[in-house]
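Written out below as structure tokens is the structure these notes cover.
Each value in this text was obtained by applying a stated rule to the coordinates, not by laboratory testing. All values derive from a computational prediction rather than experimental measurement. Backbone-built Cβ (ideal geometry, glycine too); neighbour counts: all protein chains shown.
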Ligand SMILES: [Fe+2]
Ligand SMILES: [Fe+2]
């Protein structure tokens, strides 16, 4: 029987998964940036793309610090999140609604990464890989900051303006319905 895997094996596996996730994100972030209308949102995606490239380099340092070959392993989780983001971009939303949806898609990815790096930091610390833990913590902090920035943009105007345009449509529907009701009433009176 093969020897059972250890936490160290699981740690290396998780590092490979995360390395691949970051690589997938470097292809997805430019698409999110391109689809964004709000200039601050576009800028947020673009600057996180740069950070993501740094995070890939940092993961390579982590592999080296552990004397492990730099290698990725397909990350199904982030692939699913990216696919969902692609479907959103194919929707015919008004600009500000699209921005709100791009933030939602981006935050799903950030939270996935925060969960992955949170685990990696904890495992690195538990196994006494101090250098790896320090590097992974730096990335975890960047992911948290990116998530916070997206929340700030959503709550600082994008959601509100999307909500206003949603209600404007509703108001028009109500005006149209009221006018139909008046016409029906007038017709009934004429009879
Ligand atoms: Fe990342
Ligand atoms: Fe990220």
* Applying the selection to region 112-142, what residues are free of Cβ contacts under 8 Å to residues at least 40 places away in the same chain and either assigned to a helix (DSSP H, G or I) or touching a helix residue (DSSP H, G or I) at 6+ places or on another chain (Cβ under 6 Å) (or both)? -> 114, 115, 118, 121, 122, 125, 130, 133, 134, 137, 140, 141
* What number of residues within region 19-41 satisfy the criterion of being away from ligand 2 (no atom under 16 Å from the Cβ) and either more than 30 Å from residue 94 (Cβ to Cβ) or part of a helix (DSSP H, G or I) (or both)? -> 4
* residue 80: part of a helix (DSSP H, G or I) and closer than 24 Å to residue 32 by Cα, yes or no? -> yes
* Structure fact -> Exception for residue 134 within (1) within 16 Å of ligand 2 (Cβ to nearest atom); (2) under 21 Å from residue 21 (Cβ atoms); (3) surrounded by fewer than 18 Cβ atoms within 10 Å (Cβ to Cβ) falls at (1)
* **Qualifying positions in region 115-131 - surrounded by 16 or more Cβ atoms within 10 Å (Cβ to Cβ) and away from ligand 1 (no atom under 16 Å from the Cβ)** => 123, 124, 129
* Complete set of residues in region 25-39 that are buried (at least 18 other Cβ atoms within 10 Å of the Cβ) and within 16 Å of ligand 1 (Cβ to nearest atom) -> 25, 28, 29, 32, 33
* To do: For region 67-76, state whether one or more residues are within 15 Å of residue 131 (Cα to Cα) and either more than 16 Å from ligand 1 (Cβ to nearest atom) or exposed (fewer than 13 other Cβ atoms within 10 Å of the Cβ) (or both).
  => yes
* Mind checking which residues of region 42-69 are within 15 Å of ligand 2 (Cβ to nearest atom), in contact with a helix residue (DSSP H, G or I) (Cβ under 7 Å, 6 or more places away or on another chain) and under 27 Å from residue 156 (Cβ atoms)? -> 44, 45, 46, 48, 49, 51, 52, 53, 55
